[in-house]
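See below for the structure under consideration.
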Amino acid sequence: METVVALGLIVFKVAFLIAILLLLPLPLTWLERKIAGHIQQRMGPMRVGWHGLLQPVADGIKLLTKEDHIPAEADRFLFKLAPILALAPPFVVFVAIPFGESISVRGTEITLYLSDMNVALLFVIAVIGIEVYGVIFGGWAANSKYAVLGSLRTCAQMISYEIPMGFAVIGVVMLAQSMSLLDIVRAQADLWNVVYQPVGFFVFFVAGLAEAQRIPFDLSEAEGDLGAGFHTEYSGIRFALFMVSEYVIMLLVSVLTVILFFGGWNGVLVPLPPLVWFVLKVAFFVYLFMWFRFTFPRYRYDQLMAIGWKVLLPLSLANIIITGVAIS
Amino acid sequence: MSRALDRAGTWIGWAFFADLANGLALTFGYMFSRSVTMQYPDKEKWLPYARYRGHHFLKRDEAGEIKCVACELCARICPCDCIEVVPYEDENGNRHPAKFEIDTARCLFCGLCEDACPADAIALGQQYEFSSFSSRDLVIGRDDLLAKPGKAATGGGVVAARLNTQKDVLVETNEPRGYNWWRNIRRT
Ligand code: SF4
Ligand code: SF4
């Protein structure tokens with residue numbers, strides 16, 4: 001009986017998480033278009049529903065009913081596999097992400113995480129790396145030069161930015177003496193890591209921007225020079241899968257930034273429920289992503305590489321050394 | 001000295017992303033500024049200035065008689081040859097148009113007809129919404145031209161509007177042979 005209840009709880013949590021992650025891109029697209037509109041003194045979507053709130057639903061229906069086109073010369077197997085490969089890892093990563101300690105519902109304690117892995121951080125960084133295969137396969141299988149160029153750029157960009165990203169979190173791990181995300185948050189109960197690790201935060205956030213392929217690092221889908229980059233040839237539901245994956249990764253990077261550097265669900269001053277604090281912080285970073293997108297121009301390709309290798313990598317290495325010296 | 005200081009300041013600012021922060025502040029300000037979008041045709045629309053050359057209209061004099069004396073000067077000067085006037089004489093011996101048609105599908109809204117008119121009978125108004133599903137509907141007859149709104153006293157502002165529903169638009173669905181664009185060109 002005990003195991004059945006525990007199992008049922010886990011299944012329920014997984015289903016709940018997947019539903020949230022699948023549905024969240026809808027309001028996020030709406031928000032992004034609204035922010036884009038208002039930054040450019042437009043209004044954004046206004047006509048479907050109140051202030052265009054139903055616009056994402058309309059878009060979703062449109063994408064679902066559109067022709068699912070596969071180019072004649074495409075590698076059909078890889079072409080169909082790529083969106084799934086791009087979508088699955090960001091979802092899998094959320095298995096290791098804690099959203100809070102626990103809440104009690106009618107006497108039973110329910111933990112707000114699926115699993116408390118002792119190597120959660122390693123798991124996250126490893127699994128998120130798989131996502132790049134979806135992008136590379138998608139660009140390669142479409143047999144189109146724009147798509148191939150886009151996926152080549154993504155490949156180089158991911159490799160160059162995952163290294164500083166990995167190094168940047170080492171400082172946090174050293175401070176918390178643990179790779180468990182839960183322990184990392186608990187270690188920040190008094191003072192957030194961003195105070196100890198401003199450089200680590202900076203490197204992590206910039207690398208996260210590159211990882212999520214958002215402006216100013218959205219080289220892989222640069223509309224201006226590549227059509228749409230790796231998903232140029234995708235249409236209909238497969239394109240929608242790429243979009244969902246992009247938004248989930250954006251969310252993931254925000255969540256990770258909050259957990260690693262901004263104290264997770266630890267609040268300051270205002271006593272709010274921990275989950276509310278967490279959501280507020282994540283929302284702020286999501287907003288920051290969108291705000292960046294409509295403020296900054298895109299970096300040139302060589303500048304992207306120069307930032308990755310000449311700035312972020314030395315900074316993250318120096319951060320590790322200085323943290324080590326300071327701790328010992 | 002001051003130049004060196006300037007340069008040092010620039011470098012310090014650069015290292016702390018002063019330029020990026022400036023950009024962010026600018027877009028943040030714009031984010032909460034009033035948007036310039038006019039919600040046409042849902043809520044509001046633009047009423048053009050009085051000098052705007054929109055849909056033609058024919059004027060009446062104080063007695064309510066049509067001002068046009070059917071001199072056909074407008075038809076002569078029209079570069080697109082899109083006005084057709086057929087005169088008649090009423091019981092007082094005054095000439096008036098029996099038929100006055102403007103093919104707005106061909107009209108280029110140059111306003112020459114307004115300038116040429118000796119009787120100040122024709123003018124171009126501010127109305128600009130007269131698209132149609134059939135080009136035949138764009139041939140406007142005399143009575144329609146008389147009924148068109150004249151110049152508004154004001155202009156250059158936003159007025160409340162609402163989307164024209166389908167029933168306001170004349171739809172010609174059964175056009176058996178297609179519209180003959182050259183029907184109205186008179187060979188001289
Ligand atoms: S506006 Fe110009 S083109 Fe149009 S009817 Fe008058 S003269 Fe002809
Ligand atoms: S509108 Fe003016 S120019 Fe044209 S026929 Fe009448 S009086 Fe003559």
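The values are calculated or read from the model by the stated rules, or taken from the named source; none is laboratory data. As the structure is a computational prediction, the values presented were derived from the model and not from experiment. Don't worry about glycine lacking a Cβ; one is built from the backbone with ideal geometry, like all the others, and counts go over all protein chains shown. Protein only, heavy atoms only, side chains kept; ligands, DNA and RNA dropped before computing areas. Shrake-Rupley method; radii C 1.70, N 1.55, O 1.52, S 1.80 Å.
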Seminar exercise, completed: Filtering helices (runs of 4 or more DSSP H) wholly in segment A:201-301 for at least 1 residues that are within 14 Å of chain B (Cβ to nearest Cβ) gives A:274-293
Problem set entry | Test set (1) open to solvent by 20 Å² or more (accessible area, probe 1.4 Å); (2) part of a loop (DSSP other than H, G, I, E, B); (3) more than 16 Å from ligand 2 (Cβ to nearest atom) - residue B:69 fails condition number | (3)
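This table checks each residue for (1) over 30 Å from residue A:319 (Cα atoms); (2) surrounded by fewer than 21 Cβ atoms within 10 Å (Cβ to Cβ).
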{"residue": "A:199", "(1), (2)": "no, yes"}
{"residue": "A:252", "(1), (2)": "no, no"}
{"residue": "A:265", "(1), (2)": "no, no"}
{"residue": "A:268", "(1), (2)": "no, yes"}
{"residue": "A:275", "(1), (2)": "yes, yes"}
{"residue": "A:283", "(1), (2)": "no, yes"}
Exercise. Across segment A:131-165, what is the total count of residues that are open to solvent by 20 Å² or more (accessible area, probe 1.4 Å) and over 19 Å from residue A:234 (Cβ atoms)?
Worked result: 4
Exercise. If we scan segment A:118-133, do we find a residue that is free of Cβ contacts under 8 Å to residues at least 12 places away in the same chain and not in a helix (DSSP H, G or I)?
Worked result: no
For this session: Restrict the check to segment B:85-105 and report whether at least one residue is in contact (Cβ under 8 Å) with a residue 24 or more places away in the chain, within 18 Å of residue B:150 (Cα to Cα), basic (Lys, Arg) and away from ligand 1 (no atom under 16 Å from the Cβ).
Result: no
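Being closer than 28 Å to residue B:154 by Cβ, under 19 Å from the mean Cα position of the chain (by Cα), in a loop (DSSP other than H, G, I, E, B) and in contact (Cβ under 8 Å) with a residue 60 or more places away in the chain is true for just one of B:127, B:39. Which residue is that?
B:127
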For this session: For segment B:87-106, indicate whether the set of residues that are open to solvent by less than 60 Å² (accessible area, probe 1.4 Å), at pLDDT below 90 and within 14 Å of chain A (Cβ to nearest Cβ) is non-empty.
Result: no
Exercise. Of all residues in segment B:19-60, how many are away from chain A (no Cβ under 14 Å) and either open to solvent by less than 70 Å² (accessible area, probe 1.4 Å) or not hydrophobic (A, V, I, L, M, F, W, C) (or both)?
Worked result: 15
